[in-house]
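Enquirer: There's a structure below that I have some questions on.
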Amino acid sequence: MLLVVDVGNTNITYGVYEGEKLVSTFRMTTKMARTSDEYGIMIRDLLGANGQDWEKVTGCIVASVVPNVMYSLTGAIVKYLKVKPIIVGVGTKTGIKVITEAPKEIGPDRIVDAVGAYEKYGGPILVLDFGTATTYDLITEKGEFTAGITAPGIRISAKALWEDTAKLPEIEIKKPKSILAQETISSMQAGLVYGQIGQTEYIISQVKKESGYDNLKVVATGGLGRIISDETDAIEVYDSNLTLDGLRLIYEKNKK
């Protein structure tokens, strides 16, 4: 049984695989200081609550964009699951060649998404991840990571609205009934959701124009990606498990 771990800025997402089948997923918040013992007990408990026996975990792979949790988290995996995790980073075999001007600046989460998208859907492909930030990454037909765009995520934009203005409330992020809002909450929802749709469609169009890839596949993932992908034909596929699948694929390339 393989445990894959995606450490994001907001959540740590865990996936459990039996072979190629994803049998369970669970999450915990990232922005909370925890010891290795706390991580270990929580991971064991969450595995158990999801019907998985921690003693059957034979491998683990971790991709992280939050360095300060890694010491405790990896220590927990070694101590409580009895496996040494593969950490996605420089030197990890991925099958993706990064040909940007500063390859080492590309986050492991984006590489993992690129691997998942390219292996599952082929190239050329544009990978959108609607996470804490919204990212757009271009992978060529040869599996080359050639360009990336980074924009504020929907939650970041929403948080800026209600934290930096005196009278705007914290709201649920969802599509309102109409863009023609007539009160504060739906007004904010319209701006956030339709604004993200407009940004997404324009960036996709511009990437196709400048790259010359008229046949570019567009795949989205990430927590709020479903809301956006349901509202635009510019996104062909929404794949909620793309990052977890990418981690599994990288593990297979490196487990020996």
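Enquirer: Have a look at 227, 203 and point out the one that is modelled with pLDDT under 95 and either at positive phi or assigned to a helix (DSSP H, G or I) (or both).
Expert: The unique qualifying residue is 227.
Enquirer: When the range 48-74 is examined, which residues are found to be over 26 Å from residue 94 (Cα atoms), in contact with a strand residue (DSSP E or B) (Cβ under 8 Å, 6 or more places away or on another chain) and free of Cβ contacts under 8 Å to residues at least 40 places away in the same chain?
Expert: Those that are over 26 Å from residue 94 (Cα atoms), in contact with a strand residue (DSSP E or B) (Cβ under 8 Å, 6 or more places away or on another chain) and free of Cβ contacts under 8 Å to residues at least 40 places away in the same chain: 49, 50, 51.
Enquirer: From 75, 40, 48, 15, grab the single residue that is at negative phi, out of contact with any His (no Cβ under 7 Å at 6 or more places or on another chain), modelled with pLDDT of 95 or more and outside any helix (DSSP H, G or I).
Expert: Checking each option against the conditions leaves just 15.
Enquirer: Moving on. Are any of the residues in the range 117-126 in a loop (DSSP other than H, G, I, E, B), assigned by TED's automatic domain parsing to the domain that holds residue 187 and either without any contact (Cβ under 8 Å) to a residue 12 or more places away in the chain or surrounded by 16 or more Cβ atoms within 10 Å (Cβ to Cβ) (or both)?
Expert: The answer is yes; a qualifying residue exists.
To keep it simple, each residue is scored yes or no on (1) of a type in the set (Val, Ile, Thr); (2) within 30 Å of residue 147 (Cα to Cα); (3) touching a Pro at 6+ places or on another chain (Cβ under 9 Å).
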position: 43; (1), (2), (3): yes, no, no
position: 64; (1), (2), (3): no, yes, yes
position: 84; (1), (2), (3): no, no, no
position: 88; (1), (2), (3): yes, yes, yes
position: 93; (1), (2), (3): no, yes, no
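Enquirer: Follow-up question, since we're still on this one. Can you name the residue in the range 127-160 that is in a strand (DSSP E or B) and β-branched (Val, Ile, Thr) and is also farthest from residue 226 (Cα to Cα) among such residues?
Expert: 146
Enquirer: Also, quick follow-up: How about the range 176-196: which of its residues are loosely packed, with under 14 Cβ neighbours inside 10 Å, in contact with a helix residue (DSSP H, G or I) (Cβ under 8 Å, 6 or more places away or on another chain) and part of a helix (DSSP H, G or I)?
Expert: 195 - this is the single residue of the range 176-196 that is loosely packed, with under 14 Cβ neighbours inside 10 Å, in contact with a helix residue (DSSP H, G or I) (Cβ under 8 Å, 6 or more places away or on another chain) and part of a helix (DSSP H, G or I).
The values are calculated or read from the model by the stated rules, or taken from the named source; none is laboratory data. Source: prediction; values computed, not measured. Every residue, glycine among them, receives a Cβ derived from its backbone with ideal geometry; neighbour counts consider all protein chains shown.
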